Each structure stands twice: as structure tokens, then as C-alpha cells.
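Below: the structure, in C-alpha cells.
The numbers here are math on the coordinates, done by the rules we state, and not lab data. Predicted, not measured: the structure shown is a model, and the values here were computed from it. Positions of Cβ are generated from backbone atoms using ideal geometry, with glycine treated the same way; all protein chains shown enter the neighbour counts.
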Amino acid sequence: MKRVLTPGTFDPITYGHLDIITRASQLSDEVVVAVAASPEKHPLFTLEERTELVRVVTQNLPNVEVRSFDGLLVDFAHEMGARALIRGLRAITDFEYEFQMSALNYQLADDLDTIFIMSPPQYMYLSSSIVREVASLGGNVDRFVPPEVVRALDEKFGLR
């Protein structure tokens, strides 16, 4: 497999995201981590902040490139020359949403496949929204996100 794209909002990037990105990097020649603008989600971090955090925590993966985008995922995937989208699955609720998105993306671009990677048990409950909530209440998120993200969350919530 040549180039794949791993999309997400990454608000913030978690160890669960990193697991999927790392595994994708072992399966393909090149991985583009596509950080989505997603203004409708009202992200805590700006697009630039999220992109930089992803870049910092993936710098040890030589075949991973981090890019931000705004617009249709399939258009960005074509622009990047990606052959497939790699998405993580945690639970049945993820499957329903991802199945719907995969079907839609196929209708928009039938030359782009979606590949799902199951999260390992230790990350099946983990989401960026849970991390944001715990951090906003002053809870310890060290085991959920890399140290760089812990510092960024502390700064956002005025905890440091």
C-alpha cells in the first residue's frame, strides 16, 4: 500500500489516535495524518495548535506527514494522492457512524477505500471529548495523552 490518509479532528490527539497512526505507519509506505478544521465541532484548540501537537507527537514516525485541511475529506485525499483512508474503531457506536461515512465517501469517490483498525482494549473508551472534560475539571490525563498534550491542556484551562 503506497500512501494512506488517517483523518480526524484530534482535539486533542490521544494515545488511542497515536496507536492507530503508528499501526497505519507499519502497514503502509506513507501516512498523511489529516487534521480536519471541523469548525462545527467548536474545537478547544485552533487548527494550527492541533496540527502542531500532532506533528510533535508523531515526529518519531519517519513515514508520517501531518497536514491540515478544510473541506471534503475525499477531495483532500485525492490532493494528497492517498489510496485509502484508515480509521480507528472503538465500539459499536463508532461502527455505525463510520459505516455511514464510509458509504458516503464511497459514493463521492469510489477509488478511495476505507480500512478500519480496531482499537486495543486499553483505548476503547478513550475519546478527545473525555480527555477535554477530565482536564477541564483538573483531573490527571497523563495516561490518556502524551506529555506535550498534557501541557497544552493545562495551559488552555489555566492549570499551569
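Taking 8 Å as the Cα distance limit and 6 or more residues as the minimum spacing, I'd like the relative contact order of the chain as a percentage.
Relative contact order for the chain comes out at 28 percent.
Can you give me the Rg/Rh ratio for region 117-160, using Cα atoms for both radii and the Kirkwood formula for Rh?
1.01
Using a 10 Å cut-off around each Cβ, can you sort L47, L5, L85 from fewest to most neighbouring Cβ atoms?
Listed from fewest to most nearby Cβ atoms, that is L47, L85, L5.
As a test of the formula, what do you get for the chain when each DSSP H run with n ≥ 4 contributes -39,500 (n - 2.57) and the sum is divided by the residue count, at 222 nm and rounded to the nearest 500 deg cm²/dmol?
Result for the chain: -13000 deg cm²/dmol, rounded to the nearest 500.
Which whole number of Å³ per residue matches the convex hull of the alpha-carbon atoms in region 32-95?
Value for region 32-95: 119 Å³ per residue.
Test of understanding: express the Cα radius of gyration of the chain as a ratio to 2.2 N^0.38 Å, with N the residue count.
1.01
Quote the FRET efficiency, to the nearest 0.05, computed for K2 versus F95 with a Förster distance R0 of 30 Å and r equal to the Cβ-Cβ distance.
After rounding, the FRET efficiency stands at 0.65.
Shape call for region 79-121 from the C-alpha gyration tensor, a ≥ b ≥ c root eigenvalues: rounded (a/c under 1.5), prolate (a/b greater than b/c) or oblate?
oblate
Taking a ≥ b ≥ c as the square roots of the eigenvalues of the Cα gyration tensor of region 6-56, is the shape rounded (a/c under 1.5), prolate (a/b larger than b/c) or oblate?
prolate
Take D75, project a point 7 Å from its Cα along the Cβ direction, then tell me which residues of region 2-42 have their backbone nitrogen under 14 Å from it.
37-38
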